[in-house]
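Every number in this text was worked out from the coordinates using simple rules, so none of it is lab data. Since the model is a prediction, treat every value here as computed from it, not as a measurement. When we count neighbours, we look across all protein chains shown, and the Cβ atoms used for this are built from the backbone with ideal geometry, even at glycine.
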């Protein structure tokens, strides 16, 4: 399975190399192709009813970026209003579904979805004010570089 994914990645790189606009970003470009190919394979296998060990296939860089990025987010999360911080920590970063959060807090599901979206936007705006963020086609952050020293 992993060999098939690797083959697909190499084919996509070869086929789409002309679409690379900035040679300085080749590493993140290849990373995006790899990550998206893995996700696509996972989705296809999930639709067929077979289990794909996604943790074994994802590049180690995902864990490194996620861990590094998570450490950077803590000060920004702490700057949010209590209500924004609560909904993000429990739903986005925690294991509570938005529907469960709505039920426990006597809110409508649509109200919770709106709160989560607004809180995410506030968090992203605060982070982008301090760092340059590169994301994949799904909006997942794959790399970041701090603009300021004290971020």
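Between residue 95 and residue 36, how high is the FRET efficiency from 1/(1 + (r/R0)^6) when r is the Cβ-Cβ distance and R₀ = 30 Å? Nearest 0.05. That gives a FRET efficiency of 0.75. Each label point was placed 7 Å from the Cα along the Cα-to-Cβ direction; for residue 114 and residue 145 their separation is 3.9 nm. Extending 7 Å from the Cα toward the beta-carbon at both residue 2 and residue 85 defines two label points whose distance is 4.1 nm.
Residue separation of residue 43 and residue 133 scaled by 0.36 nm, minus their Cα-Cα distance, works out to 29.8 nm of gained length. Modelled spin labels at residue 27 and residue 15, positioned 7 Å past Cα toward Cβ, are 2.7 nm from each other.
One decimal place: the segment residue 125-residue 105 gains 4.6 nm when fully extended, by the rule 0.36 nm per residue minus the C-alpha distance.
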